[in-house]
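The values are calculated or read from the model by the stated rules, or taken from the named source; none is laboratory data. The shown structure was predicted, so the numbers you read here are calculated from the model rather than taken from an experiment. With ideal geometry, Cβ positions are generated from the backbone for all residues, glycine too; neighbour counts draw on all protein chains shown. To get the accessible areas, we keep the full protein, side chains included, count just its heavy atoms, and leave off ligands, DNA and RNA. Shrake-Rupley method; radii C 1.70, N 1.55, O 1.52, S 1.80 Å.
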Amino acid sequence: MTRQKNLFPKGRLRLLNASSKKHDPNKVYSISIEYSYNTSPIRRQTGVRCKFEDWNPKTQRLQASYGKNYQLMNNAMQKQLNDADARMQEYGERHNYRFNTEIVRALLYNKDMARKDEGKDFKAYCVDILSSDYNRNKIGYSRYNNGLSGMNIFQQFIITKGLGTYRKDSIYLGEITPEIVEQYIQWRKQVKHNCDETINHSLCPIIKACKRACEAGYISQHIYGRIAEMYISTPDISEKNLDDTKFDGKYLTHEQIQCLIQYYDNCSEPRRKEYIEMWLFAYHCSGLRLVDVATLQWSHVDLERNIITKILIKTKSRVRIPITAASLEILLKWKEKRGNSKFVFDLIPDSISLADKEELHRARNSADKCVNQSLTPVGLQLGFDFHLTFHRARHSFAIHALNSDIPINVVSQLMGHKDTSITERIYAQFLPDKLSANLQNFSGADLRII
């Protein structure tokens, strides 16, 4: 006879972090109420602590050795467990026994499940949608990871501004308002010093979550409509609009590159530091495009002969690029943390198929948006009179190389141009006879990166 499955989750009392094989006889351990849903443990502390020998794991009760109040404490903990089980059963009967991890957690913590939003946490709801989109390949890893980071910053904003309701770091889904989002935008501008593009990027998971919440009836159409209009209007500065043939004449001088390196040294945001490393790597690797940096594999890198051999994604041309001291320094750093991965840099997932053009296009656009939206505020803070984008590394390499006695045909080959006429046409105004004599020699400049 098969065992009948419970219609609703049932909890138990458990002594955490202690077992017969591993425990400290002098230490007291917390007793928690534990539910297991989809193999994931969901716990809440009872407020009672005891030594390992005072606990009977079979009966889930304190033993007499705990002290004269052991029966009183057992009754109090059992009441907490019974109350939680009763909430599970009541909710299951009202909702046809449809549970998920967040609902079980909410019921365990006795959130108000009678609310219109069913007591759903706003940040958790946003993260669930991000995870769902990522698992269904609707967004790339970079967008997913940046979305998680953005929601952590949103939670920091809630704490800083004292906007938490049922917890100091949390609000219910139904409590999100246009006023809170407007405060968040201003906070990111004034406290985080984020540019408009970065703020828009941070709003994406919030607005998408509000759309889903509106469709599910958790928030009103009026609230969602106002929040959906809160994107900041910005010019399109994506790399696809800064291709070689649309060069606007803006590039980084050696002095500006040194300023970028100094910014890197003082930067406290790990992912932004990595993007700057990738920019500097592209600059020192013949101006590789972002898509080629993203798809660079360790199999392309020969550290013994100090050469990179790769077929460029855009032109399909095969290039052999010398690994300079500066680019080697960056490669060794990434070898240490991602040496077992397929791709050198953490811009696209290892599972991606480069033969799938549609999948590669989505991944490339996701990486392009993440990288450039992170680099743009750096350029603003450094006082550049142009947007700092990844493609500036390519133009900066070309101009410095052409004016450092490197023959134009060599520069053209390194950059993957089909012929030198393309290089000449794009960079004609910067050829040696037209460039300032004060430019430093390319081969000796900008070697220290990290």
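Taking amide H positions as modeled 1.01 Å from N, with prolines and chain starts lacking one, the residues under 5 Å from Arg61 and 5 or more places away or on another chain are Asn56.
Here is the list for the stretch 280-348: trypsin sites (Lys or Arg not before Pro) lying in DSSP coil, each with at most 12 other C-beta atoms within 10 angstrom of its C-beta, are Arg305, Lys314, Lys316.
Compute the Rg/Rh shape ratio of the stretch 75-166: radius of gyration over Kirkwood radius, all on alpha-carbon atoms. Could you put the intermediate results ahead of the total?
Details: Rg = 16.4 Å, Rh = 15.3 Å.
Using only Cα positions, Rg/Rh for the stretch 75-166 is 1.07.
Note that the stretch 278-291 has calculated 3J(HN,Hα) couplings of 5, 4, 5, 5, 4, 4, 8, 10, 6, x, 4, 5, 4, 5 Hz, one per residue in order, obtained from phi through the Karplus relation 6.51 cos²θ - 1.76 cosθ + 1.60 (θ = phi - 60°); glycine and proline are x.
Exactly which trypsin sites (Lys or Arg not before Pro) in the stretch 10-70 are in a DSSP loop and have at most 10 other Cβ atoms within 10 Å?
Lys21, Lys22, Lys58, Lys68
Residues whose amide H falls under 5 Å from that of Val344, counting only those 5 or more places apart or on a different chain, are Leu296, Gln297, Trp298, with hydrogens built in the peptide plane.
Leaving out ligands and nucleic acids, and using a 1.4 Å probe, what accessible area per residue does the stretch 3-150 come to in Å²?
Values: 8780 Å² over 148 residues.
So the stretch 3-150 comes to 59 Å² accessible per residue, rounded to a whole number.
Taking only Cα atoms and a 10 Å spring cutoff, compute GNM fluctuations for the chain and point out the largest among Ser404, Ser396, Ser170. Checking each option, the largest mean-square fluctuation is seen for Ser404.
So how strong a dipole does the stretch 154-215 carry about its Cα centre when Lys and Arg Cβ are +1 and Asp and Glu Cβ are -1, to the nearest 20 debye?
Numbers: 9 positive and 7 negative charges, 36 e Å.
Around 180 debye, computed over the stretch 154-215.
With distances taken between every two different alpha-carbon atoms, the stretch 387-429 has a Kirkwood hydrodynamic radius of 10.6 Å.
Quick one: putting +1 on the C-beta of Lys and Arg, -1 on the C-beta of Asp and Glu, what dipole do you get for the chain around its Cα centre, in Debye to the nearest 20?
So the dipole magnitude of the chain works out to roughly 2060 debye.
Could you work out [θ]222 nm for the chain from helices alone, using -39500 (n - 2.57) per DSSP H run of at least four and dividing by all its residues? Round to the nearest 500 deg cm²/dmol. Helix-only estimate at 222 nm: -15000 deg cm²/dmol.
Using the 1.4 Å probe convention, the accessible area of the stretch 266-322 works out to 40 Å² per residue with neighbouring protein chains retained. On the principal axes of its alpha carbon atoms, the stretch 114-168 extends 34, 29, 10 Å, with the longest extent given first.
Working from the alpha-carbon coordinates of the stretch 333-433, get Rg over Rh, Rh being the Kirkwood radius. Don't skip to the answer; put the middle values down first.
Details: Rg = 17.1 Å, Rh = 16.4 Å.
Computed over Cα atoms, the ratio is 1.04.
Take the chain, drop everything but the C-alpha atoms, weight them equally and run the Debye formula without solvent; then report log10 I(q)/I(0) at 0.05, 0.13 Å⁻¹ to two decimals. Here log10 of I(q) over I(0) equals -0.28, -1.15. Cross-link pairs exceeding 26 Å in C-alpha to C-alpha distance, out of Lys10/Lys211; Lys161/Lys208; Lys138/Lys342; Lys333/Lys369; Lys58/Lys168; Lys138/Lys335, comprise Lys10/Lys211; Lys58/Lys168; Lys138/Lys335. Per residue, the convex hull spanned by the Cα atoms of the stretch 150-227 amounts to 81 cubic angstrom. Cross-link partners of Lys357 among aspartates and glutamates, defined as those whose alpha carbon lies under 20 angstrom from its own and excluding same-chain residues fewer than eight positions apart: Asp133, Glu239, Asp243, Asp292, Asp346, Asp368. Ordering Trp55, Asn200, Gln258 by Cα displacement along the dipole of the chain toward the positive end leaves Trp55 in first place; charges were set at the Cβ atoms of Lys, Arg (+1) and Asp, Glu (-1). Amide H to amide H, with H built 1.01 Å from N, Ile307 comes under 5 Å of Asp302, Ile323, counting only residues 5 or more places away or on other chains. Across all directions of projection, what mean area in square nanometres is found for the Cα convex hull of the stretch 86-140? Value for the stretch 86-140: 4.4 nm².
If you wrap a convex hull around the C-alpha atoms of the stretch 291-378 and split its volume per residue, what is the figure in Å³?
112 Å³
Nearest 0.05, what FRET efficiency do Lys418 and Asp350 give at R0 = 45 Å with Cβ-Cβ as r? Plugging the Cβ-Cβ distance into 1/(1 + (r/R0)^6) gives 0.90. Just name one of Ser396, Tyr125, Ser268: the one whose Cα is farthest towards the positive end of the charge dipole of the chain (beta-carbon charges, Lys/Arg +1, Asp/Glu -1). Ranked along the dipole, the leading option is Tyr125.
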